[in-house]
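Chemist: Structure provided below as structure tokens; questions to follow.
All of the numbers you see were taken from the coordinates with simple rules; none came from a lab. The shown structure was predicted, so the numbers you read here are calculated from the model rather than taken from an experiment. All Cβ positions, even for glycine, are placed from backbone atoms using ideal geometry, and neighbour counts span all protein chains on display.
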Amino acid sequence: MKEHKRFFGLHFDFHAGNDVEIGGNTTAEDIERYILECKPDFIQCDCKGHAGNSSYPTKVPAAKPADKIVADNMRVWSDVAKKHGIPLYVHYSGVWDGEYAKKNPDQIAVQPENETDPRFISLKGRYVHDVLIPQLKELIDEYGISGVWVDGDCWAAYADFSENAPVPLSKDMSRRELNEHTSKAFYKYVQTYADELHAYAPDFKVISNWLYTSYTPDKPTVPIDFISGDFPHNNSVHEARYEGRAIALRGIPWDLMAWGFECIHRSHKSSVQLMQEAATIVCLGGGFQIYENQNSDGSAKRACYGRYAPVGEFMRKREFLYGLQPTAQVGILFDGESYYHDSYVFCASGVTRPIIGAVNAVLDAQYTANIFYDYQTEQFEKHDIIVVPEWKYIKDETKEALLAYTKKGGKLIIMGIEACQQFGELIGVSFGETKGFKSVYLHGENDYFATVNNTNSNEDYPVLDLVTGEEGIYSNCDLRYKELPAYRVEAYGEGKVVFVPFAYGTSYFDYRSFTSRDYLKNIIQSLSAPLVKINRKYIDITMQPSEKGVYLNLVNMLQGRHALTYGTFDEIPEIYNVEIRYGKKCKEVKMPLGENFTYEITENETVVRLEKLEIHSVIEFIE
């Protein structure tokens with residue numbers, strides 16, 4: 001297939017309605033401003049939104065064009081893309097299609113209570129052959145589009161009790177069984193349209209939004225060309241640092257999309273805010289795109305391209321990082337079996353809080369971190385330490401692989417009561433009972449305390465009695481109230497297993513504190529000294545291979561806001577006098593982005609001193 005580069009792009013959509021005339025105000029000049037100013041590798045524009053109205057004059061019989069199409073909006077977008085020689089992808093709503101559901105009630109996914117949502121389509125019905133494939137073939141033939149970004153796909157997939165279901169579903173099935181049937185049906189649905197479109201136009205690129213990300217922790221089997229998803233509009237930089245790591249080791253080219261605005265209040269994000277979000281992606285080898293609404297008539301907005309231009313320049317300077325998989329000292333297990341036991345198909349419903357919290361804590365402790373899935377056992381030995389968040393249903397073969405890794409010298413950190421009990425039994429370690437406390441505190445340096453639970457809750461917070469161990473769990477901010485050990489370290493073969501007796505990942509997701517951060521940092525440091533040491537906090541570090549050594553990415557995680565209610569901001573405070581100690585003797589040090597720096601090389605380490613870190617810097621250690 002012809003390669004399409006998706007390092008930096010712009011995404012437009014508007015989910016066409018029936019109350020506005022579409023196409024009459026769409027001009028080539030308005031679209032060209034984005035291309036000329038921002039210099040994207042690709043653009044994506046709308047062709048069918050969640051309501052089910054096509055925003056172009058489709059001739060597919062089962063499709064529904066919007067009521068007031070007065071000119072061919074799609075023609076203008078495609079002509080401009082061709083003129084500038086860049087791929088045009090279309091935003092297409094997948095199994096969320098209100099108009100098709102309205103016309104074909106027998107094709108709606110039926111819920112266990114025999115209820116239907118007049119928007120979501122059965123995965124096994126006629127829809128993919130009635131509308132999706134014919135429309136995309138039409139768009140290939142008539143407009144020469146290069147690919148499709150299918151929205152409302154995996155996260156709009158429902159367990160289907162209709163007659164269209166691939167196998168008869170029973171209300172007595174467990175959530176795990178229902179999710180398994182639904183995921184198989186979804187993959188077959190995507191396989192159907194991917195195979196047919198690739199056969200029809202071999203260079204055509206297929207993307208199903210959020211497929212093979214944290215939403216779908218299965219081993220990739222469906223022939224999509226890229227992984228992509230739009231991470232949340234608020235708290236985005238922290239969401240991106242997690243979602244990027246959930247994709248980076250999948251082995252498929254990928255990008256993530258930032259919303260160019262805060263959704264609730266429709267306030268624009270600044271260039272520097274978007275650059276910070278981009279930095280968390282490019283340091284993992286991914287591409288980055290920005291989402292901006294088209295106007296409700298399909299035209300491009302005239303007020304946004306100027307603030308996206310600096311982001312395009314920022315990205316162009318960092319293109320050498322694209323496609324370089326990150327390496328890390330700490331690997332964090334995403335257990336698909338546990339996910340499907342408690343999720344609603346591909347919607348996590350809080351199930352991923354433990355791993356998001358664990359990722360944030362490891363990164364806040366300034367260790368490099370990767371996420372890998374339970375099927376990726378080949379990744380285990382590539383990491384000094386593996387963190388297992390509080391997953392409850394880990395398969396026996398996954399546990400055996402983790403313990404085999406540990407026996408050969410690996411270090412394993414087990415979090416949560418259930419996981420501790422399961423692994424403790426496997427290695428012959430006994431624990432006491434689970435105890436509940438109104439308040440649970442960790443004790444840190446300089447007598448700082450921090451809670452791990454909501455102290456206003458009426459329910460006791462459970463902690464496993466490890467019997468023996470290190471540090472302490474306290475029921476009050478007073479050293480006289482030590483109740484239980486805070487963690488326990490056990491030798492296993494040539495390696496070590498650390499037991500954390502409470503839901504640390506969930507706790508850190510709900511409430512982050514420096515004392516809680518340092519609790520995990522101290523555990524990790526006791527197992528493996530950091531390869532990279534930095535004298536300043538609030539800097540994420542990521543490593544990627546270079547031709548002559550490694551790239552060390554530094555991402556400034558400070559933000560010019562003080563609360564999540566401050567959704568947009570226009571300043572990233574600079575961090576001055578940054579000293580980086582890399583635990584290897586190198587031949588030379590370079591900074592490809594041209595910052596002012598000095599360095600010195602000793603027998604045991606290479607020390608770099610950076611005058612200031614703005615948003616993102618890259619150090620190349622030549623070994």
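Chemist: Where Rh denotes the Kirkwood radius from the mean inverse Cα pair distance, what is Rg over Rh for the stretch 330-530?
Modeler: So for the stretch 330-530, dividing Rg by the Kirkwood Rh gives 0.94.
Chemist: Sort the stretch 8-321 into rounded, prolate or oblate with this rule: let a ≥ b ≥ c be the square roots of the eigenvalues of the Cα gyration tensor; rounded if a/c is under 1.5, and if a/c is not under 1.5, prolate when a/b is larger than b/c, oblate otherwise.
Modeler: oblate
Chemist: On alpha carbon coordinates alone, what is the Rg over Rh value for the chain, Rh being the Kirkwood radius? Please report the intermediate quantities before stating the final value.
Modeler: Details: Rg = 25.5 Å, Rh = 25.9 Å.
We get a ratio of 0.98 for the chain.
Chemist: Expressed as cubic angstrom per residue, what is the convex hull volume of the alpha carbon set of the stretch 1-155?
Modeler: Details: hull volume 18.8 nm³, N = 155.
Here the figure is 121 Å³ per residue.
Chemist: Further, regarding this structure: Amide H neighbours of Gln294 under 5 Å, counting only residues 5+ apart in sequence or on other chains, H built in-plane at 1.01 Å?
Modeler: Placed amide hydrogens put Asp13, Phe14 under 5 Å from Gln294.
Chemist: Something else about it: Val167: net charge of surrounding residues, Cβ under 13 Å, Lys/Arg +1, Asp/Glu -1, itself excluded?
Modeler: The answer is -1.
Chemist: For the stretch 247-352, what does the alpha-carbon gyration tensor say about shape, rounded, prolate or oblate, given a ≥ b ≥ c as the root eigenvalues, a/c under 1.5 as rounded, and a/b over b/c as prolate?
Modeler: Here the stretch 247-352 falls in the oblate category.
Chemist: Which pairs, out of Lys64/Lys188; Lys537/Lys587; Lys590/Lys612; Lys382/Lys584; Lys269/Lys301, put more than 20 Å between their alpha-carbon atoms?
Modeler: Lys64/Lys188; Lys537/Lys587
Chemist: Quick one: what does P(r) look like for the stretch 312-445 with 10 Å bins over all Cα pairs, in whole %?
Modeler: 10, 35, 34, 15, 5, 1
Chemist: Also, I was wondering about something else. Compute the length gained on full extension between Asp465 and Val489: take 0.36 nm times their separation in residues and subtract their Cα-Cα distance, giving the result in nm to one decimal. Write down the numbers at each step before the final one.
Modeler: Values: separation 24, 0.36 × 24 = 8.64 nm, distance 1.37 nm.
Once the chain is fully extended between Asp465 and Val489, it gains 7.3 nm.
Chemist: Once the Cβ-Cβ distance between His265 and Arg302 is put in as r, and R0 is 25 Å, what FRET efficiency do you end up with, to the nearest 0.05?
Modeler: Values: r = 21 Å, r/R0 = 0.84.
Calculated value: 0.75.
Chemist: Say the cut-off is 32 Å between C-alpha atoms; which of Lys408/Lys435; Lys219/Lys407; Lys137/Lys184 go over it?
Modeler: Details: Lys408/Lys435 34 Å; Lys219/Lys407 26 Å; Lys137/Lys184 25 Å.
Where the Cα-Cα span goes over 32 Å, the pairs concerned are Lys408/Lys435.
Chemist: Please arrange Lys395, Lys521 by counting, for each residue, the other beta carbons lying within 10 Å of its beta carbon, fewest first. Walk me through the intermediate numbers first.
Modeler: Values: Lys395 13, Lys521 18.
The order, fewest Cβ neighbours first, is Lys395, Lys521.
Chemist: In addition: Among bridges DSSP assigns within the chain, what percent are antiparallel (round to 5)?
Modeler: In the chain, DSSP labels about 50 percent of beta bridges as antiparallel.
Chemist: List the residues whose amide H sits under 5 Å from the amide H of Val110, counting only those 5 or more places along or on another chain, with H placed 1.01 Å from N in the peptide plane.
Modeler: Amide H to amide H, under 5 Å and 5 or more residues apart or across chains, Val110 pairs with Phe161, Ser162.
Chemist: Based solely on its DSSP helices, what 222 nm [θ] is calculated for the chain when runs of n ≥ 4 H residues each add -39,500 (n - 2.57) and the sum is averaged over all residues, nearest 500 deg cm²/dmol?
Modeler: -8000 deg cm²/dmol
Chemist: Take the Cα radius of gyration of the stretch 533-622 and divide it by 2.2 N^0.38 Å, with N its residue count; two decimals is plenty.
Modeler: The stretch 533-622 yields a ratio of 1.18.
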